[in-house]
1. Among the residues of region 41-59, is there at least one that is touching a Gly at 6+ places or on another chain (Cβ under 9 Å), within 23 Å of residue 115 (Cα to Cα) and open to solvent by 20 Å² or more (accessible area, probe 1.4 Å)?
2. For region 112-132, how many residues are open to solvent by 80 Å² or more (accessible area, probe 1.4 Å), closer than 18 Å to residue 81 by Cα and free of Cβ contacts under 8 Å to residues at least 40 places away in the same chain?
3. Restricted to region 67-96, and to residues that are in contact (Cβ under 8 Å) with a residue 60 or more places away in the chain, out of contact with any Gly (no Cβ under 9 Å at 6 or more places or on another chain) and among the aliphatic types (A, V, I, L, M), which residue is surrounded by the most Cβ atoms within 10 Å (Cβ to Cβ)?
4. Have a look at 145, 153, 195 and point out the one that is over 29 Å from residue 92 (Cα atoms), modelled with pLDDT of 95 or more and either acidic (Asp, Glu) or within 21 Å of the chain's Cα centre (by Cα) (or both).
5. Quick check, is residue 183 among the hydrophobic types (A, V, I, L, M, F, W, C), under 27 Å from residue 84 (Cα atoms) and surrounded by fewer than 15 Cβ atoms within 10 Å (Cβ to Cβ)?
6. Quick one: which residue in 99, 108 is more than 30 Å from residue 201 (Cα to Cα) and either among the small types (Gly, Ala, Ser) or exposed (fewer than 15 other Cβ atoms within 10 Å of the Cβ) (or both)?
7. When you scan region 142-166, how many residues do you find that are polar (S, T, N, Q), under 23 Å from residue 126 (Cβ atoms) and touching a strand residue (DSSP E or B) at 6+ places or on another chain (Cβ under 9 Å)?
Amino acid sequence: MHDLTSLIDPIVVLANGEFPKHDIPLHELDVAGSIICCDGAVESLINYGKRPQAIVGDFDSIPQSIKEDLVEILVHAPDQSENDLRKSLKWVEANGGEKVTILGASGKREDHLLGNVFSILQLDTQMDMVMITDYGIFYTVHKSQKFEGINGQQVSLFSLDQSIKISTSGLKYPLKNEGLPTLYGGTLNAMVDDQFSINISHGQILVYCAF
């Protein structure tokens with residue numbers, strides 16, 4: 001086994017929500033070079049037949065037998081002001097991670113899903129992050145980005161900062177250097193071609209593309 005902090009791309013952070021079922025997130029898990037578990041997510045990963053490179057959290061939801069077996073890869077992060085996903089993402093970045101795929105962040109409890117979504121939207125990081133669920137993908141967008149897809153594919157945009165000006169092309173309801181006045185103001189859009197593009201003035205927004 002290589003050093004705990006020597007991360008290998010692609011990097012996956014597995015949150016302790018519902019374990020993936022869809023082929024797309026499962027493929028990301030299967031090809032991962034490094035898997036970082038958020039606390040209790042390690043139990044589901046082991047049941048799937050894989051071993052994590054590190055487990056980050058306060059370990060309040062891990063069976064004692066697993067803690068004893070994997071003690072050498074436990075990263076204790078007891079700060080209760082942060083959720084386990086943010087702790088894990090910060091640990092990945094501190095150890096050189098530049099791009100990360102987040103799995104298992106939805107299901108079980110809706111409040112955890114919202115906390116995880118806002119965690120990546122508000123995280124002060126230079127990493128490229130995507131969050132893949134069984135139904136679609138959340139992308140973090142920092143400047144300009146193009147997305148491939150199919151005509152009619154459902155798309156939603158989310159911004160917490162009304163001062164961020166957004167311009168889009170290839171969507172049914174385009175934006176032209178506009179801010180989103182509400183959290184739901186950019187939802188329920190759709191592609192009108194096989195790709196669309198987004199440009200933002202500053203900061204970071206989330207883009208959701210349904211499968």
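1. Yes, some residue in region 41-59 is touching a Gly at 6+ places or on another chain (Cβ under 9 Å), within 23 Å of residue 115 (Cα to Cα) and open to solvent by 20 Å² or more (accessible area, probe 1.4 Å).
2. Of the residues in region 112-132, 3 are open to solvent by 80 Å² or more (accessible area, probe 1.4 Å), closer than 18 Å to residue 81 by Cα and free of Cβ contacts under 8 Å to residues at least 40 places away in the same chain.
3. Checking each candidate, the answer is 92.
4. Numbers: 145 fails: over 29 Å from residue 92 (Cα atoms); 195 fails: either acidic (Asp, Glu) or within 21 Å of the chain's Cα centre (by Cα) (or both).
The conditions single out 153.
5. Numbers: among the hydrophobic types (A, V, I, L, M, F, W, C): yes; under 27 Å from residue 84 (Cα atoms): yes; surrounded by fewer than 15 Cβ atoms within 10 Å (Cβ to Cβ): yes.
When the stated conditions are applied, residue 183 passes them.
6. Working: 99 fails: more than 30 Å from residue 201 (Cα to Cα).
Just a single option satisfies the conditions, and that option is 108.
7. Residues of region 142-166 that are polar (S, T, N, Q), as a first pass: 144-145, 151, 153-154, 156, 159, 162-163.
Those still in the list that are under 23 Å from residue 126 (Cβ atoms) too: 144-145, 159, 163.
Filter again for touching a strand residue (DSSP E or B) at 6+ places or on another chain (Cβ under 9 Å), leaving 144-145, 159.
Of the residues in that region, 3 qualify.
Yes/no matrix, rows are residues, columns are (1) more than 24 Å from residue 134 (Cα to Cα); (2) in contact with a His (Cβ under 9 Å, 6 or more places away or on another chain):
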{"site": "151", "(1), (2)": "no, no"}
{"site": "161", "(1), (2)": "yes, yes"}
{"site": "165", "(1), (2)": "yes, yes"}
{"site": "169", "(1), (2)": "yes, no"}
{"site": "178", "(1), (2)": "yes, no"}
{"site": "203", "(1), (2)": "yes, yes"}
{"site": "209", "(1), (2)": "no, no"}
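The values are calculated or read from the model by the stated rules, or taken from the named source; none is laboratory data. Note that this is a predicted model, so its numbers are computed, not measured. Cβ coordinates were reconstructed from backbone atoms using ideal geometry, including for glycine residues, and neighbour counts include every protein chain displayed. Quick note on the areas: whole protein, heavy atoms, side chains included, nothing else; ligands and nucleic acids left out. Shrake-Rupley method; radii C 1.70, N 1.55, O 1.52, S 1.80 Å.
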